[in-house]
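Participant: Before I ask anything, let me first share the structure, which is written out below as structure tokens.
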Amino acid sequence: MPLTVRAQQPRGAAWERVSDILQRQVDNGEPVCAYVYDLETLLVQVQAVRSALTRRCELYYAVKANGHPAVLGALAGQVDGFEVASLGEIDKAVATGMVRLALGGPAKTDAQLARALQAGVDLINVESLHELRRAGLIGAQLGVRVPVALRVNRRHSALPGQLRMAGAATQFGLDEGLLPEAIGLCHALPAVTLRGFHLHAVSNNLDAQAHARFVTDSVAWCAQQAARHRIDLDVIDVGGGIGVPYTGGDGFDLATFSQALKAAINRLPDRVRLIFELGRFLVAQAGWYAAEIIDLKRTHGRHFAILRGGTHHFRLPAAWGYSHPFAVLPVERWRYPFDRPEVHGLCIDVAGELCTPRDVLARQIWVDRLRVGDLAVFPLAGAYGWEISHHDFLSHPHPAQLVCPPASTASPP
Ligand SMILES: *Cc1c(COP(=O)(O)O)cnc(C)c1O
């Protein structure tokens with residue numbers, strides 16, 4: 001018998017805050033369509049990650065996962081730095097008052113390099129020889145030091161995960177074979193200081209043991225290269241890539257990771273800092289995407305719920321080809337003088353408002369009851385949700401962006 005996937009029935013303080021803010025949104029009149037970010041959930045997660053890392057580690061946040069000002073503002077005081085990869089991200093990061101920046105991205109323009117250097121960038125993760133020459137030139141013109149980590153696409157990288165970026169042919173990083181030339185160039189360019197290596201390799205890895213092995217192997221490799229090329233190593237940046245289990249199952253086990261990380265720390269040369277640049281793992285849980293059911297129908301024997309919203313707001317399930325779980329938030333208000341369409345005890349596909357059959361967020365999910373006017377609420381939408389979506393396809397209104405403040409600053413009821 002095939003396993004039935006049921007709509008979720010979330011509980012807990014975070015869900016209460018999120019459903020409260022959504023119920024208030026219902027009272028505003030227009031069909032509900034909103035992202036909700038819960039800053040308490042965010043801060044609790046950051047603290048959990050911090051305590052899993054040791055004092056030899058630094059935690060950076062990769063801004064591309066979620067650049068909402070409230071999210072960045074909440075994170076600015078909690079992490080050691082922001083990883084940025086565009087002019088817009090540099091500006092967003094600087095606006096929070098964050099001073100430690102790492103600049104990434106495979107196509108850094110001169111303007112990006114200059115803006116980052118003017119903002120006192122802590123690390124430029126350089127991805128090619130040409131980029132290195134340009135960074136060296138711009139630093140010399142501006143009269144500032146250019147702190148560089150070489151992003152290397154190593155020959156081997158055996159890390160599981162959804163999007164591989166290293167250990168394979170990709171547009172990222174310097175091929176390992178170019179390393180001697182790149183290091184020589186760093187020494188030859190007067191403005192450049194070679195600080196270390198950057199080895200971001202994967203996305204959405206759920207295996208804590210494997211991730212710790214990757215970090216340990218990265219540290220050993222960096223130490224070896226530093227010794228071979230006589231580099232005064234000062235940072236090893238192992239990037240991000242820790243994942244969340246979108247379709248259920250066990251998540252990334254922080255306690256296991258923390259324990260297994262000790263092997264990497266033991267190999268870390270004296271005075272070297274180990275940088276993590278996490279995106280998804282910090283913010284995914286702190287975001288929900290909610291959309292009102294505008295219609296229910298049955299075609300060719302299959303049931304569909306149709307949303308005021310869709311993949312132009314939350315593209316992740318369509319981009320990665322999976323069915324994203326959701327919860328039904330019942331809404332009692334009904335504004336028409338005729339019967340309210342509803343379904344009971346069946347499997348349904350949840351589609352969006354776009355005029356394409358690709359606009360589907362979840363398939364064959366069991367719902368006990370679903371009515372037009374109820375809300376479908378998708379958890380784990382805080383990372384790569386709004387950010388990666390095609391917002392203006394079909395020119396529908398954008399979702400509201402709602403923020404639940406952290407518990408310490410929330411006003412009493
Ligand atoms: C995207 C990215 C990250 C963050 O990745 P997550 O999978 O969200 O943790 C970190 N570093 C670099 C260079 C990236 O491109």
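Participant: Please give the number of the condition residue 49 fails out of (1) assigned to a helix (DSSP H, G or I); (2) more than 22 Å from residue 265 (Cα to Cα); (3) within 12 Å of the ligand (Cβ to nearest atom).
Facilitator: All conditions are met except number (2).
Participant: Going through region 174-193 one residue at a time, which ones are open to solvent by 20 Å² or more (accessible area, probe 1.4 Å) and either of a type in the set (Phe, Trp, Tyr) or in contact (Cβ under 8 Å) with a residue 40 or more places away in the chain (or both)?
Facilitator: 178, 180, 181, 185, 189, 190, 193
Participant: Moving on. Condition test on residue 227, is it surrounded by fewer than 19 Cβ atoms within 10 Å (Cβ to Cβ) and under 19 Å from residue 271 (Cβ atoms)?
Facilitator: When the stated conditions are applied, residue 227 passes them.
Participant: Just to confirm my filter: which helices (runs of 4 or more DSSP H) fall fully inside region 256-366 and include at least 1 residues that are more than 30 Å from residue 13 (Cα to Cα)?
Facilitator: Answer list for region 256-366: 262-267, 316-320.
Participant: Further, regarding this structure: Return the residues of region 280-310 that are among the polar types (S, T, N, Q) and within 19 Å of the chain's Cα centre (by Cα); say none if nothing qualifies.
Facilitator: Result: 285, single match.
Participant: Restricting to region 21-56, and then to whatever is touching a strand residue (DSSP E or B) at 6+ places or on another chain (Cβ under 8 Å) and hydroxyl-bearing (Ser, Thr, Tyr), can you tell me which residue is surrounded by the fewest Cβ atoms within 10 Å (Cβ to Cβ)?
Facilitator: Among those that are touching a strand residue (DSSP E or B) at 6+ places or on another chain (Cβ under 8 Å) and hydroxyl-bearing (Ser, Thr, Tyr), it is 35.
Participant: Among residues belonging to region 57-75 that are outside any loop (DSSP other than H, G, I, E, B) and open to solvent by 10 Å² or more (accessible area, probe 1.4 Å), point out the one that is nearest to the ligand (Cβ to nearest atom).
Facilitator: Within region 57-75, the match that is nearest to the ligand (Cβ to nearest atom) is 64.
Participant: Taking only pairs six or more apart or across chains, which ones have beta-carbon atoms under 7 Å, a first residue in region 235-251 that is not assigned by TED's automatic domain parsing to the domain that holds residue 205 and more than 14 Å from the ligand (Cβ to nearest atom), and a second residue that is part of a loop (DSSP other than H, G, I, E, B) and modelled with pLDDT of 95 or more?
Facilitator: Close Cβ pairs (under 7 Å, with a partner that is part of a loop (DSSP other than H, G, I, E, B) and modelled with pLDDT of 95 or more) do not exist here.
Participant: Mind checking whether some residue in region 100-116 is under 27 Å from residue 271 (Cβ atoms) and modelled with pLDDT under 95?
Facilitator: Checked against the condition, which is being under 27 Å from residue 271 (Cβ atoms) and modelled with pLDDT under 95, region 100-116 yields no hits at all.
Participant: Between a residue in region 137-160 that is of a type in the set (Lys, Arg) and any residue that is not in a loop (DSSP other than H, G, I, E, B), which pairs come within a Cβ distance under 6 Å, given they are 6 or more apart or on different chains?
Facilitator: Hits for this filter: 145/193; 151/125; 151/198; 154/176; 155/176.
Participant: So which residues in region 275-298 are more than 14 Å from the ligand (Cβ to nearest atom) and either in contact with a Lys or Arg (Cβ under 9 Å, 6 or more places away or on another chain) or open to solvent by 30 Å² or more (accessible area, probe 1.4 Å) (or both), if there are any at all?
Facilitator: 291, 292, 293, 294, 295, 296, 297, 298
The values are calculated or read from the model by the stated rules, or taken from the named source; none is laboratory data. Since this is a predicted model, take the numbers as computed values, not measurements. Positions of Cβ are backbone-derived with ideal geometry, glycine not excepted, and every protein chain shown enters the neighbour counts. Areas reflect the complete protein model, heavy atoms only, side chains present, ligands, DNA and RNA absent. Shrake-Rupley method; radii C 1.70, N 1.55, O 1.52, S 1.80 Å.
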